[in-house]
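The values are calculated or read from the model by the stated rules, or taken from the named source; none is laboratory data. Just so we're clear, the structure is a prediction, and the values are computed from it rather than from any experiment. We place every Cβ from the backbone using ideal geometry, glycine too, and count neighbours over all the protein chains shown. Side chains included, ligands, DNA and RNA excluded: accessible areas come from the protein's heavy atoms. Shrake-Rupley method; radii C 1.70, N 1.55, O 1.52, S 1.80 Å.
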Amino acid sequence: MRRLLLLAVVLASACRERAPHRREFDGQAAFRYIETQVAFGPRIPGTEAHQRMAAWLDSMLRQRADTLVVQSWTHVTAAGDSLPLTNFIARFKPGASKRILFLAHWDSRPTADSPVSHDSTKPVPGANDGGSGVAVLLGVADALKRAPPEIGVDLLFVDGEDFGDFTKTPKDVLIGSRYYAAHPVAGPQPLYAVLFDLVADKDLQIYEEGNSLVGAPEVVELVWNTARDLGYAGTFVAQPRHTLIDDHLELQKVGIRAIDVVDFDYPSWHTIEDTIDKVSAASLGIVGDLAVTLVRREGS
Ligand SMILES: [Zn+2]
């Protein structure tokens, strides 16, 4: 009896702390955003599909954000080719000094050169690799358009993450995040940044990433604790696993507390099998709910 009473008191105080959770993020809509991207074809810098994708992103973000900053430049590759690249920064409450930043890459990889690839002459369709991070950020933009945030939020879509070879031509990868780090938008830096990459696998398990734990351990703790509170401890596994070179490192280099939310256990990574049947609205719903919740809690 006494224990029950105690439990009731604990529950009552927990309820006072926080209103019941309402999921604002629409996983089905985010899934359709992946379908749209895949339908453009591989979003390889320099191709028509890449141009069409840029025009779509531009129009989607203008309809949702308070302001859109577009950064366009030409990158000369190690092979001497000129690539037209574009970053998009969709800003909510651009004047707010307290802000957070979410990022994802919107390009897709020109070559399916995974060690397990069956055909490395073809490009990666990029349903998960490229498509999923964009879909999460667009779904967040939908939620913030419906109910504006209390804090500032920047959604950064970087180009040229996956163009080159990560060991042989390191200047031809992470190009957009490196460009953003050298040309940040004016005003205060975000409290922290979260990169979303490979986050729609049907079999989603997101482990803590090594370079995130080194560069911004308190942000990893915040994100995984938030996921646990939301009931997603089975997806956001609170253990380290892979250590990755990804866009978050370029932001860390200029002092931004950036982490990588990534499911690197994805058999179709950098293969021609990275297609729409490998990703799910349910996985997108979990990651998107987490992202929106981070915004709401920071503002409460
Ligand atoms: Zn990739």
Exercise. Which length gain, in nm to one decimal place, applies between GLN239 and LYS122 when the Cα-Cα distance is subtracted from 0.36 nm times their residue separation?
Worked result: 38.6 nm
Seminar exercise, completed: Here the averaged projected area of the stretch 102-246, based on the convex hull of its alpha-carbon atoms and given in nm², is 10.1
Seminar exercise, completed: The ³J(HN,Hα) series, computed from each phi in the stretch 285-290 with the Karplus coefficients 6.51, -1.76 and 1.60 at θ = phi - 60°, rounded to the nearest Hz and given as x for glycine or proline, is x, 5, 5, x, 4, 4
Exercise. Taking the highest mean first, how do the peptides 141-154, 94-107 order by number of other beta carbon atoms within 10 angstrom per residue?
Worked result: 94-107, 141-154
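Quick check on the chain: helices-only [θ] at 222 nm, where DSSP H runs of length 4 and up contribute -39,500 (n - 2.57) each and the sum goes over total residues. Nearest 500, please. Could you put the intermediate results ahead of the total?
Numbers: 9 runs with 114 residues, N = 300.
Mean residue ellipticity at 222 nm (helix-derived): -12000 deg cm²/dmol.
Send over the Kirkwood Rh of the stretch 186-243, from the inverse of the averaged 1/r over different Cα pairs, rounded to one decimal Å. Don't skip to the answer; put the middle values down first.
Working: mean 1/r = 0.0810 Å⁻¹.
Every distinct Cα pair counted, the radius reaches 12.3 Å.
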Exercise. Under the Karplus relation 6.51 cos²θ - 1.76 cosθ + 1.60, θ = phi - 60°, what is the ordered set of whole-Hz ³J(HN,Hα) values for the stretch 227-238, x standing for Gly and Pro?
Worked result: 4, 4, 4, 7, x, 9, 5, x, 9, 8, 7, 7
Exercise. What would the Debye formula give as log10 I(q)/I(0) at q = 0.19, 0.25 Å⁻¹ for the alpha-carbon point model of the stretch 259-300, no solvent?
Worked result: -0.71, -0.95
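I need the fraction of alpha carbon pairs in the chain separated by more than 23 Å, rounded to a whole percent. Don't jump to the answer; show the numbers that get you there.
Working: 23702 of 44850 pairs.
In whole percent, the share of Cα-Cα pairs in the chain beyond 23 Å is 53.
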For this session: Tell me which residues come under 5 Å, amide H to amide H, from PHE236 once H is placed; ignore anything under 5 positions away on its chain.
Result: ILE206
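Considering the convex hull of the alpha carbon atoms of the stretch 193-300, report its projected area averaged over all viewing directions, in nm², one decimal. Don't skip to the answer; put the middle values down first.
Numbers: hull surface 27.3 nm².
Averaged projected hull area, Cα only: 6.8 nm².
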Seminar exercise, completed: Whole-Å distance linking the alpha carbon centroid of the stretch 37-114 with that of the stretch 215-272 is 21
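At 1.4 Å probe size, with the rest of the protein present, what percent of the exposed accessible area of the stretch 46-108 is carbon and sulfur atoms?
On the way: 1250 of 2580 Å².
Percent of accessible area from carbon and sulfur atoms in the stretch 46-108: 49.
How large, in Å, is the stretch 35-161 by the Kirkwood hydrodynamic radius built from its alpha-carbon pairs?
Values: mean 1/r = 0.0650 Å⁻¹.
Kirkwood radius, the stretch 35-161: 15.4 Å.
Per-residue counts of other Cβ atoms within 10 Å, averaged by peptide: what ranking do you get for 279-289, 82-92, highest first?
Numbers: 279-289: 23.6, 82-92: 21.0.
In descending order of packing, they fall as 279-289, 82-92.
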Exercise. Long-range amide H contacts for LEU174: which residues qualify at under 5 Å (H placed 1.01 Å from N, peptide plane, sequence gap of 5 or more or a different chain)?
Worked result: GLU161, ASP162, PHE163
